[in-house]
Amino acid sequence: MIMSKSERILAIVVVALAPLAVYALTLLQPTFDDWTYLTYPNEDPHRLKYFMPYGDYWRPIDALVGYVVATDLRLFPALNHILVAIGHLAGACMVWLLGRRMTLSAPSRIVATLFFLLSPAMLGTVLGIDSINQVFSSTLGLIALWAYLGHSAARLWLWAVMGVIATFAKENGMMWLPIAPLLGYAFRMTDRKMLLRHLAVAAGIISAYLLIRHSLPHYNIQENNVYAVGGIMPRVANVAKFLILTFASVDFISIFHPADRTMPFLLLTIALSAPFLVMLAMRGAQSMRSREPLMLALTVLMAASPHLLTVFSTMHAYAALGLVALLVGRVIDHDAARRRTLAITFALYMLSALMVDARHYMKAYRSGITGRQMADAVIRQAPKPARKAWCVCIDNGEQKYSSFCVIPYDAFGWGNAVYWRTRHRWPNTLGSEIVTAADARHGLDSIVRAKWHEGYDQVWVVNGRDVKVITP
């Protein structure tokens with residue numbers, strides 16, 4: 001495979017730094033819903049129900065990971081991070097390969113690959129523990145697209161199979177089935193008749209998936225889906241959040257978490273990234289007259305649409321990131337007159353991205369360490385291992401920002417961190433509740449006595465980062 005000198009240098013740098021990046025990811029500890037999602041070590045002997053539609057999800061790949069890490073608790077969360085890192089690196093490779101298949105120039109392929117690898121849009125997924133589904137849905141979808149745009153005799157089978165597996169990773173993976181024919185048509189690799197035929201095949205596969213899904217037994221069907229929303233304005237807001245979180249390289253911590261706001265850092269990241277984004281917007285407006293970038297933009301919205309219709313969060317920007325990277329590469333492609341300016345502005349954008357990435361990593365790291373330290377505090381204070389424990393979390397009105405700036409009791413997993421730190425030895429039963437600071441001042445003693453009366457031998461009171469163990 002022929003590569004330019006710059007591409008060879010980039011490949012060498014990525015391969016050399018990848019082990020260090022993966023090691024840094026393995027230092028991140030679980031917080032918030034990492035404690036309760038399918039990818040947490042699952043020792044439930046009733047395994048089948050987790051491979052069936054479970055609540056609002058049908059994600060057998062996540063269920064499999066949960067049982068694998070349960071075979072040796074030391075695998076969690078390191079194996080989760082390693083799988084996410086492998087998926088992200090594989091996705092970057094697919095972006096580069098797709099850039100070749102779409103005949104992008106070498107500089108544009110480098111820009112697209114680096115944008116995918118390092119832009120802040122990847123942070124909510126790549127720094128996560130429970131985001132294996134998002135990474136592999138995207139990467140397998142990119143593989144499906146790459147197969148479809150190829151010339152292999154098995155390309156249609158690969159497209160269909162990879163699209164189905166992407167859907168089993170996460171439901172939005174089904175969007176790659178119609179995306180591939182549309183881009184094949186946009187890049188003149190299929191004609192209109194074949195486009196319609198393959199869109200019909202995609203619709204048939206999606207219909208079969210939905211029929212099978214609704215025919216199978218469902219478990220935990222009373223689950224409260226926090227992602228369900230209604231109305232037009234929330235969806236308009238989702239589109240705005242999608243555009244900002246996907247393209248911008250700014251210190252989102254300062255924007256979304258006032259307690260950690262650092263205005264000089266925020267302004268610096270804006271100043272560094274703005275020139276490239278302005279040039280990208282200008283070039284984008286001009287290039288939308290062509291079929292290829294216009295269809296790429298349409299498929300970006302298609303890939304993100306399942307999240308745009310619900311609650312859009314930081315991690316959801318990853319769903320369309322591969323296509324966004326290719327759109328960026330296509331928009332700046334063959335602009336010889338501005339190549340030097342583009343190179344300088346993109347370098348400044350990448351500098352901003354690295355700064356934003358580093359700050360988000362450190363916040364995620366500290367949140368995880370907070371949860372672990374709180375669990376260790378309980379273990380030290382407990383006079384003996386708890387048989388039944390009740391965790392009272394006092395809500396002091398703290399705000400959180402995704403999985404980066406996590407409220408301490410969420411980092412503590414409402415007591416689940418103790419179960420993990422004791423390697424699932426104790427407590428045998430764990431319950432929790434969240435009370436306001438006002439209720440805690442007036443009624444904490446009553447809550448403690450009530451739990452003792454119910455047979456709980458320890459009550460853990462969480463107030464900020466402080467945890468107090470109360471025994472009868």
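Overview of values
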read-out: Lone unmet requirement of (1) part of a loop (DSSP other than H, G, I, E, B); (2) surrounded by fewer than 24 Cβ atoms within 10 Å (Cβ to Cβ) for I129; value: (2)
read-out: Options D34, D62; residue that is outside any loop (DSSP other than H, G, I, E, B) and touching an Asp or Glu at 6+ places or on another chain (Cβ under 7 Å); value: D34
read-out: Cross-chain or 6+ apart pairs with Cβ under 9 Å, the stretch 445-472 first and closer than 19 Å to I407 by Cα, then among the aliphatic types (A, V, I, L, M) and in a loop (DSSP other than H, G, I, E, B); value: W460/A382; W460/A386
read-out: Close pairs (7 angstrom Cβ cut-off, 6 or more residues apart or separate chains): surrounded by fewer than 20 Cβ atoms within 10 Å (Cβ to Cβ) in the stretch 53-73, of a type in the set (V, I, T) and at pLDDT below 95 anywhere; value: G55/I221
read-out: Selection within the stretch 403-429 - of a type in the set (G, A, S) and surrounded by fewer than 24 Cβ atoms within 10 Å (Cβ to Cβ); value: none
read-out: Cβ-Cβ under 9 Å pairs, at least 6 apart or on other chains, the stretch 411-437 side free of Cβ contacts under 8 Å to residues at least 24 places away in the same chain and of a type outside the set (D, E), far side assigned to a loop (DSSP other than H, G, I, E, B) and surrounded by fewer than 19 Cβ atoms within 10 Å (Cβ to Cβ); value: Y419/R425
read-out: Residue count for the stretch 90-114, restricted to those that are open to solvent by 40 Å² or more (accessible area, probe 1.4 Å) and closer than 19 Å to Q134 by Cα; value: 1
read-out: Options G173, G184, G204: the member that is part of a helix (DSSP H, G or I), in contact with a Gly (Cβ under 8 Å, 6 or more places away or on another chain) and at pLDDT 95 or above; value: G173
read-out: Residue satisfying condition, being without any contact (Cβ under 8 Å) to a residue 24 or more places away in the chain and either under 25 Å from L25 (Cα atoms) or surrounded by 16 or more Cβ atoms within 10 Å (Cβ to Cβ) (or both), within set R380, R366, R372; value: R366
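The values are calculated or read from the model by the stated rules, or taken from the named source; none is laboratory data. Everything numeric in this text was worked out from a predicted model, so none of it was measured. Heads up, the Cβs are rebuilt from the backbone with ideal geometry, glycines too, and the neighbour counts pull from every protein chain shown. We work out accessible area using only protein heavy atoms, side chains counted, and drop any ligands, DNA or RNA first. Shrake-Rupley method; radii C 1.70, N 1.55, O 1.52, S 1.80 Å.
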